[in-house]
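In what follows, a structure is listed as structure tokens, so that the remarks can point back to it.
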Amino acid sequence: MPLCCPSSGQMKGSNQDPGSPRQPRLGSLCAAEERSAGSMRPPSLGASLAWALLSTALGMELSLRETLLLRSLGLSSRPEPRAPAPVPPVLWSIFRGGTGAAPGGCRVSELNVPGNIVRVFPDQGHFIHKGQPQRLLCLQKRLYFNLSVLEEGESLTMAQLEIQFSHNSYHSSSQGQAFELRLYQSSQLALQGMPSPNPSQKLLLERSFVQLHKSLLFNLSGVAKGWRTPSRNLGLILELSVSGAGGSAQPGTGLQGLCSSISSFLDTSLLVVTLDQQQCKAARRRRRSLHPAPVTPSNLCKPRRLYISFSDVGWENWIIAPQGYLANYCLGECPFPLTAELNSTNHAILQTMVHSLDPEGTPQPCCVPVRLSPISILYYDNSDNVVLRHYEDMVVDECGCR
């Protein structure tokens, strides 16, 4: 009977660089081996049944391992994006810049806040009203962001609201009119056609603009901390209007003319940064080089090249970037006498000495990682949100004898 081979769902790694030619997959080699063995003698019923049971057991084991791995990544199950949203430019910018670690823990240097998880939540609200001539109200919209996906161990460090327009909007009137932006916090559910303002709304901020830029940013960290519980998250009310016209504006055409300059309103989104202390350690690591030094062949303990491709794992449909990464692994002997290059502990040195005297009773020290570095992964979560997450201890940089 041929050597047992893992099922196709098992995670595979390659010790090649991403651009090198692919080697035949393990599954194809196993299939060829089975055909070769089958040509010599037909498999018995018992052998076929044993192979079927073994394949089922391997599949269950690999499924359990994948579940445990996904949980360590903060996911309840493997994401299956139905309608993947485009990646917000801010997440691409942070991903390419890299989220660096600070002495007090992880920190998103591009936003200058502590954190190792960055999400952008789309607005799930609806328009309430599109014009009240007496108040020159041009736009009224309920904003709702579902933050229930935040895990219990995450602490929210930043929530930034972005209001987007397709272009910069200028007010061309010479009567001293300006744009007015108001943001209210709801204390009860906002219904379609509900008048505003009303006693169930609390004014959070009010701004006047002569020019509305393509993107307006507002800090809502204090308010968003209460949105983790769905029952407390009743959303916001956004109003855009024109002020300073006095009684000169007429209903109908006059209002439409004043509001036309903000007709380029596109959408709103909420950028949320959280910190997971369990995955964020005090940084005693230097930044990983983009071009690691090549590993020279040797039997001594040292890092060996291992490139993990997410397409080989079957995760390419929900991991956006990177397509894979150089994980490396430790392999080699820890012979007597141990040298300084082997990053040995005093215990390992003594164990090696005892091993040289009693090789049968005392094993050699093990070759293990002694310094690892993090990577960032951009992916879709189980709710189709785009998430940028910083993971510690993903790349083996140095090995040692322990």
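The values are calculated or read from the model by the stated rules, or taken from the named source; none is laboratory data. Since the structure is predicted, the reported quantities are computational estimates derived from the model, not experimental observations. Please note that ligands, DNA and RNA were not included when accessible areas were found on the heavy atoms of the full protein model with its side chains. Shrake-Rupley method; radii C 1.70, N 1.55, O 1.52, S 1.80 Å.
Points worth noting:
- Ranking of 126, 355, 213 by solvent-accessible surface, largest first: 213, 126, 355 (1.4 Å probe, protein heavy atoms only, all chains present).
- Area of residue 107 that stays accessible when all protein chains are in place (1.4 Å probe, Å², to 10): 80 Å²
- Residue 349 contributes about 70 Å² of solvent-accessible surface, heavy atoms of the protein only, 1.4 Å probe.
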